[in-house]
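Working notes for the structure below.
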Amino acid sequence: MMKTETRTFDDVVLVTKVSRYTPAERIGLLAGDCILSFGPHPPHAVISDNDLLGTLKRSDLLYVMRGKTAFKLGYSEGIEGASFEAGRPLEEVTVPSGVIWPQYWGGMQTTGELILIPDHISPLWAILPPLLYARFRNWQMLAAISLVWCVGLMEGPVTFAMAYLVSVAAALFGGASMMREASERQGYVPRGSYHIGRDTDAATLEMITAERMRRIRAGLPPVLPSDEPTQEAAEAAA
């Protein structure tokens, strides 16, 4: 069972706008995001002090809450292009502790659809390659593996077993890079490096992001009242 800790974030800033084609957009920030920290620094101190902002490194992480999901974003190119305002304090936020948050590559379609692909494929996913490729919407690999397995079944159990073992090895050792390349061929543009405390939160974050992008592009408020990170919502993010 994953360990958690309860924290209070008194210093919170809200992202009010992210301009197109800017570093803030490329690292994955969206209007409506709550920033809980910039690396080791409190958010208000960073956005009000250019000297402190200049000390942040590409490897630093932004602690972000989007709707009911907490995650971390790589600072990378920086936050130029984002506008901020003071946010409401978050009390008794329960977050994972004592664990390394798995890293994901983020890609976004022009429609606003986000895909998050883990840097390392879990053996649990690798033993069932068709489910792996379906989960991450890699339709080309799903079609290819289905064809290979069908041919293997027709040739006999030994051929099928060999095809299965090869496909598992490919998914385990090269699946992440193959899925990123396939996603880019399908029109996904790189949108940040995400660190997510629980693997199950990745799908939730994809859905939240797609809905928020739909609202932003329709000229609607990016955050529904039911999605605001209240205390109860924050607890669900862990």
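Values in this text are rule-based calculations from the coordinates and carry no lab data. Predicted model, so just to flag it, every value in this text is computed and none were measured. All Cβ positions, even for glycine, are placed from backbone atoms using ideal geometry, and neighbour counts span all protein chains on display.
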For the pair Asp119 and Phe173, the simple spin-label estimate (label points 7 Å beyond Cα toward Cβ) gives in nm 2.1 nm
Whole-number value, in Å³ per residue, for the convex hull of the alpha carbons of the stretch 123-185 is 66 Å³
The answer for the chain, counting only DSSP H helices whose Cα atoms cover 27 angstrom or more along the axis and whose Kyte-Doolittle average is -1.0 or greater, is 157-185
PRE zone check, label point 7 Å out along Cα-to-Cβ of Glu91, amide N under 12 Å, scope the stretch 1-36, hits 8-10
Label model pair Thr110, Thr55: point-to-point distance (7 angstrom along the Cα→beta-carbon line) in nm is 4.3 nm
Candidates Asp33, Asp51, Asp199; GNM for the chain (alpha-carbon contacts under 10 Å) flags as most fluctuating Asp51
Mean separation of Cα contacts under 8 Å (at least 6 apart) over the residue count of the stretch 123-185, i.e. the relative contact order in percent, is 37 percent
The whole-number value in µm²/s of the Stokes-Einstein translational diffusion coefficient for the stretch 27-79, with Rh from the Kirkwood sum over alpha carbon pairs at 10 °C and 1.306 mPa s, is 142 µm²/s
Pseudo-spin-label distance Leu147 to Val166, built 7 Å along Cα→Cβ, given in nm, is 1.3 nm
Cross-link reach from Lys17 to lysines, straight Cα distance under 30 Å and at least 8 residues apart if same chain, gives Lys57, Lys68, Lys72
Given a Förster distance of 35 Å, the FRET efficiency implied by the Cβ-Cβ spacing of Arg20 and Val158, rounded to the nearest 0.05, works out to 0.05
The local net charge around Gly28, scoring Lys/Arg +1 and Asp/Glu -1 for residues other than Gly28 whose Cβ lies under 11 Å from its Cβ, equals +1
Surrounding charge for Ser37, neighbours by C-beta under 13 angstrom, Lys/Arg +1, Asp/Glu -1, total -2
The ratio Rg/Rh over the Cα atoms of the chain, Rh being the Kirkwood inverse mean 1/r radius, stands at 1.04
Hull volume per residue for the stretch 1-99, using the convex hull of the C-alpha atoms, in Å³ is 98 Å³
Scoring the chain by relative contact order with C-alpha pairs under 8 Å, at least six apart, yields a percentage of 27 percent
